[in-house]
Amino acid sequence: MARLEGKVAIVTGGASGFGAGMAKRFAEEGARVVVADLNGKGAAEVAADAGNGAIGVAADVALRKDIDRMVQSALDAFGRIDILVNNAGYTHRNGDMLKVDETTFDTIFAVNMKAIYHSALAVVPVMEKQGGGTIITTASTAGLRPRPGLTWYNASKGWAITATKSMAVELAPKRIRVNCLCPVAGETGMLAQFMGEDTPEIRARFKSVIPLGRFSTPLDIANAALWLASDEAEFITGVALEVDGGRCI
C-alpha cells in the first residue's frame with residue numbers, strides 16, 4: 001500500500017524546488033495534493049506532472065485571505081486536510097545585515113514567519129475536527145548553525161524551529177503532529193541568493209562544509225517530508241530534522 005494512500009496534502013511554495021519535489025513524491029505515494037504557489041501557472045504545471053488528481057492553486061501565503069482560499073480549495077476538492085507543508089520561503093541576498101532594506105525584511109517576516117501563524121489558524125480547526133493531522137515546515141540549517149551574511153533569513157528560520165516545537169506541545173492533545181525540516185543549501189531557485197553569487201569558487205566553498213560533499217536536492221527533502229507525513233512517524237513530533245549531509249555536526 002502506498003504510504004500516503006487516502007491522505008490529502010497541501011504544499012505551499014509548490015511550483016518549484018523543494019515544494020515541487022514534495023508535491024510529486026507525495027502524489028507518487030498516494031496522496032491527493034494541493035500545490036499552492038504565488039506562481040499559479042507553475043503550481044498548475046507541477047500538479048499536472050504530479051498526477052493522482054493533484055490540483056494547483058495560486059496563493060500568496062503572506063495574505064490570510066489567500067491561505068483561507070487555499071484551505072477551502074482543498075476541502076472543496078478532497079473533503080479533508082491531513083498534511084500541511086509550510087514550504088514557501090523568501091530570503092535576502094547574502095551580504096551585510098545593515099544593507100537589507102525594510103521591504104525585504106518585511107517580506108521575509110511575512111512569508112517565513114507570519115504565514116505559519118496564518119496557516120495554523122486556518123488548518124488546525126480542520127485537523128482537530130477530523131481527529132488529527134500533521135504540519136511540516138521547511139526551516140533550514142540556517143536556523144541551527146547560522147552563516148554570516150544571512151542574518152535576517154537565519155533569524156526567521158530560528159523562529160520557525162521554535163514555533164514548530166511550541167506548536168507540537170500545544171497541539172499534541174489534538175493529535176496534530178508538528179515537525180520541521182532543516183535542509184542545507186539546495187539546488188533550488190534561491191541558491192544564488194544564499195551564496196551571494198553563483199560561481200564555481202563559491203559553490204566549492206559552500207560544499208566544503210558539507211561532510212557528504214554536495215548540496216541537498218528536492219528529492220532529499222521530499223523523502224524526509226514523506227516519512228514525517230506518513231504513519232511510520234506517528235510518534236514523532238516537535239523535531240527539527242536535519243537534512244544536511246552532516247552540515248550541522
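Taking the numbered list (1) over 20 Å from residue 181 (Cα atoms); (2) of a type in the set (A, V, I, L, M); (3) under 17 Å from the mean Cα position of the chain (by Cα) in turn, residue 20 passes all entries but (1). In the stretch 79-96, the residues that are of a type in the set (Lys, Arg) form Cβ pairs under 8 Å with partners that are assigned to a loop (DSSP other than H, G, I, E, B), at six or more places apart or across chains, as follows: 93/196. Taking the criterion of being closer than 16 Å to residue 8 by Cα and not small (Gly, Ala, Ser), the residues of the stretch 47-66 that qualify are 52, 55, 57.
Select, from 213, 238, 186, the only residue that is touching a helix residue (DSSP H, G or I) at 6+ places or on another chain (Cβ under 9 Å), over 28 Å from residue 83 (Cβ atoms) and either modelled with pLDDT of 95 or more or of a type outside the set (A, V, I, L, M, F, W, C) (or both). Of 213, 238, 186, the one residue that is touching a helix residue (DSSP H, G or I) at 6+ places or on another chain (Cβ under 9 Å), over 28 Å from residue 83 (Cβ atoms) and either modelled with pLDDT of 95 or more or of a type outside the set (A, V, I, L, M, F, W, C) (or both) is 213. Tell me whether the stretch 68-91 contains one or more residues that are more than 27 Å from residue 132 (Cβ to Cβ), surrounded by fewer than 17 Cβ atoms within 10 Å (Cβ to Cβ), more than 18 Å from the chain's Cα centre (by Cα) and of a type in the set (Lys, Arg). No, the stretch 68-91 has no match at all. Please work out which residue is farthest from residue 28 (Cα to Cα), limiting yourself to the stretch 48-107 and to residues that are at pLDDT 95 or above and of a type in the set (S, T, N, Q). My answer is 103.
The values are calculated or read from the model by the stated rules, or taken from the named source; none is laboratory data. These numbers come from a predicted model, not from an experiment. Cβ: placed from backbone, ideal geometry, glycine included. Neighbour counts: every protein chain shown.
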